[in-house]
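To start, the structure itself, in structure tokens.
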Amino acid sequence: MLLHGVGVGRGLAVASTLRMPEPLAEPTDEPSTAEPEAELARIEVSLAAVAADLLARGAAAGGEAQDVLNAQSLMAEDPTIVEDIQTRLGSGKTADRAVFEAFAGFRDLLVQMGGYMAERAADLDDVSQRIIAHLRGVPAPGVPESATPFILVAHDLAPADTALLDLAKVVGLITREGGPTSHTAILARSKSIPAIVGVKGAENLADGTLVVLDAGAGTVLTEPADSDVERATERIAQRAAEAAAPLRPGALADGTLVPLLANLGSAEGAAEALALGAEGVGLFRTEFLFLDSTEAPSVESQVTQYEAMLRAFVGKKVVVRVLDAGADKPLSFLNDAKEENPALGLRGIRALRAAEDILRDQLLALATAEARVNGHRDDLEPGEKVELWVMAPMVADADDAEYFVSFARELGIQVAGVMAEVPSSALVADQIFDVADFVSIGTNDLTQYTLAADRLLGSVANLQDPWHPAVLRLVGMLGEAGRVAGKPVGVCGEAAADPLLAVVLVGLGVTTLSMTPAAIADVRAELARHTLAEARELARVAVAATSASRARAAVTGLSAANAIG
Ligand code: PEP
Ligand code: MG
């Protein structure tokens with residue numbers, strides 16, 4: 001039997017499955033016989049214990065997982081929820097039931113808010129389960145124990161489970177729920193665990209079923225033949241050899257260089273990115289530093305953060321994006337208006353144009369950080385300097401581009417460019433290149449706006465596919481305009497992390513690729529299998545297809561025929 005889902009990464013795994021235990025049963029709604037005050041005291045002990053446990057798990061996991069678990073820990077002791085629990089106890093609910101109802105109420109609120117907030121609803125469910133388990137004195141449902149490696153099958157995974165997975169034991173993940181932006185997917189990608197999410201029929205996989213999980217193909221094969229197992233095992237060995245090979249610059253088979261850069265949210269990820277072969281930073285998402293800030297950050301606090309990132313990449317390039325606030329990433333000090341359609345609202349460069357002081361401070365902080373790292377000396381060799389490029393998000397046209405580039409130059413930024421995420425920017429790409437030093441294509445938003453499909457909404461996930469020929473044609477227009485202008489065109493959306501799509505992007509004229517560092521090895525290996533002429537041929541086939549899935553299938557077929565090695 002072949003099950004299908006959304007693959008995360010390109011990994012493979014061959015092992016027997018083990019299911020995650022079912023969630024705890026919903027507490028019954030019988031009137032409580034206990035004293036509300038005593039119950040509240042008991043609950044407070046559980047809240048504190050769960051919050052501390054989540055913090056400890058976060059500290060043990062580090063990185064992106066730590067941020068998620070710290071946020072969950074805060075949820076456990078959120079004063080509004082505690083107040084809600086207290087009210088419910090007062091109206092005669094049992095401790096279990098009061099916790100369950102209070103968290104369920106907040107969960108529903110998040111779901112109604114939609115987008116990024118709705119995706120966090122599962123995190124709240126997990127916190128609620130952990131508190132109820134603590135109150136009952138039973139273990140919270142968690143990853144099963146096994147003496148041998150296994151593929152974990154779950155309805156969905158809570159961040160607390162994913163963060164501390166024992167990678168020697170859990171060799172793959174299959175979930176029934178979840179989309180490409182769910183936490184399971186994000187964390188699996190950052191830990192390089194082969195995973196497939198949103199698998200219909202996953203609920204029917206019995207414990208101990210031998211499966212071949214192929215994340216690249218998005219498939220789970222049950223009852224595989226010996227030859228299937230052999231082929232998958234060979235590919236696993238080949239991938240391990242590729243990952244262990246000495247780091248080398250990204251290049252096509254004919255030697256055409258395609259620098260492979262990292263997408264980072266803070267300097268914390270720098271060492272790991274470098275270890276994975278990042279040749280610089282292609283997207284520093286500065287808004288991630290300030291998601292919890294209620295006030296605009298001071299210039300000095302920004303300088304400290306930027307300097308740390310720039311120092312980590314001396315001898316390389318760092319492309320910093322100025323604050324991209326709004327829609328799924330609101331910053332309270334920049335986006336305070338209530339909007340019906342925030343994805344179409346005052347976000348990115350639009351919000352910054354409306355709050356020019358904040359943009360001025362950020363550009364000043366960047367110029368200062370660069371001066372501190374490079375000094376004011378002209379005698380430095382390129383290998384001793386960091387190359388700072390700065391770009392604006394959500395640029396719609398040449399007017400936006402001109403505004404940003406001239407403002408950045410005025411404040412001492414030497415290389416200023418823009419992100420192409422709004423389809424209009426591709427339609428007037430020639431005008432944009434007249435003013436911008438470079439363009440970096442954000443395929444996540446470009447796809448969302450080209451196909452009018454909310455990037456966080458599961459119901460339209462089938463349209464959120466950067467393989468769509470409409471998206472690829474826009475990339476081609478930007479690539480061609482960049483070639484004519486003799487200026488670089490990067491891609492820093494998730495599309496760059498899909499190895500075969502990365503080849504197509506290069507065929508469309510893209511000159512650098514920036515991605516989550518864990519994807520670099522796979523992309524490097526795939527680029528090395530194709531010449532520039534082949535990449536262009538694959539690009540022609542992709543843009544001629546009539547849907548995303550046909551483009552992907554046609555390119556997959558042709559590349560298998562073409563590929564070297
Ligand atoms: C994009 O839109 O592709 C992009 C890289 O920006 P973000 O994902 O941060 O919106
Ligand atoms: Mg974007």
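The values are calculated or read from the model by the stated rules, or taken from the named source; none is laboratory data. Because the structure is a prediction, the values reported are computed rather than measured. Methodologically, a virtual Cβ is constructed for each residue, glycine included, from the backbone with ideal geometry; neighbour enumeration extends over all protein chains shown. Side chains are part of the model used for accessible areas, which takes the heavy atoms of the whole protein and leaves out ligands, DNA and RNA. Shrake-Rupley method; radii C 1.70, N 1.55, O 1.52, S 1.80 Å.
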Taking every DSSP beta bridge that has both residues in the chain, what percent is antiparallel when rounded to the nearest 5? 30 percent
Please compute one quarter of the surface area of the Cα convex hull for the range 253-564 and express it in square nanometres. 15.5 nm²
For G280, the residues 5 or more places away or on another chain with a placed amide H closer than 5 Å to its own amide H are A262
Enter the accessible area of Y403 (Å², nearest 10), with the probe set to 1.4 Å and all protein chains included. 40 Å²
Taking 35 Å as R0, compute the FRET efficiency from the Cβ-Cβ separation of E26 and T148 and round it to 0.05. 0.55
When the Karplus curve 6.51 cos²θ - 1.76 cosθ + 1.60 is applied with θ = phi - 60°, which whole-Hz ³J(HN,Hα) does each residue of the range 253-270 get, with x for Gly and Pro? 4, 8, x, 4, 6, 10, x, 10, 10, 9, 8, 9, x, 6, 5, 4, x, 4
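Net charge near G277, counting Lys/Arg +1 and Asp/Glu -1 over other residues with Cβ under 9 Å of its Cβ?
Numbers: positive: R248, R524; negative: E279.
Here the charged neighbours net out to +1.
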Computed accessible area, H155, all protein chains, 1.4 angstrom probe, square angstrom: 120 Å²
Once every DSSP H run of n ≥ 4 in the chain is given -39500 (n - 2.57) and the sum is divided by its residues, what mean residue ellipticity at 222 nm do you get, rounded to the nearest 500 deg cm²/dmol? -14500 deg cm²/dmol
For G142, residues with placed amide H under 5 Å, excluding near neighbours: none
When the Cα centres of the range 527-555 and the range 49-122 are compared, how far apart do they sit, in Å? 45 Å
Which residues' amide hydrogens lie under 5 Å from the amide hydrogen of A420, considering only partners 5 or more residues apart or on another chain, with H built in the peptide plane? S440, I441, G442
Using the alpha carbon gyration tensor of the range 67-191, what are the three equivalent-ellipsoid semi-axes (square root of 5 times each eigenvalue), largest first, in whole Å? 28, 18, 11
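With Cβ to Cβ distances under 12 Å as the rule, what net charge do the other residues near P469 carry (K, R +1; D, E -1)?
Computed value for this residue: +3.
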How large is ³J(HN,Hα) for each residue in the range 29-43, as worked out from phi by the Karplus curve 6.51 cos²θ - 1.76 cosθ + 1.60 (θ = phi - 60°), to whole Hz, x for Gly and Pro? 9, 8, x, 7, 9, 8, 6, x, 5, 5, 5, 5, 4, 5, 5
Does the range 36-136 classify as rounded, prolate or oblate by the C-alpha gyration tensor (a ≥ b ≥ c root eigenvalues; a/c under 1.5 gives rounded; else a/b over b/c gives prolate, otherwise oblate)? oblate
The range 253-564: antiparallel bridges as % of DSSP beta bridges, rounded to 5, reads 5 percent
Rounded to the angstrom and largest first, Cα extents along the principal axes for the chain equal 77, 62, 43
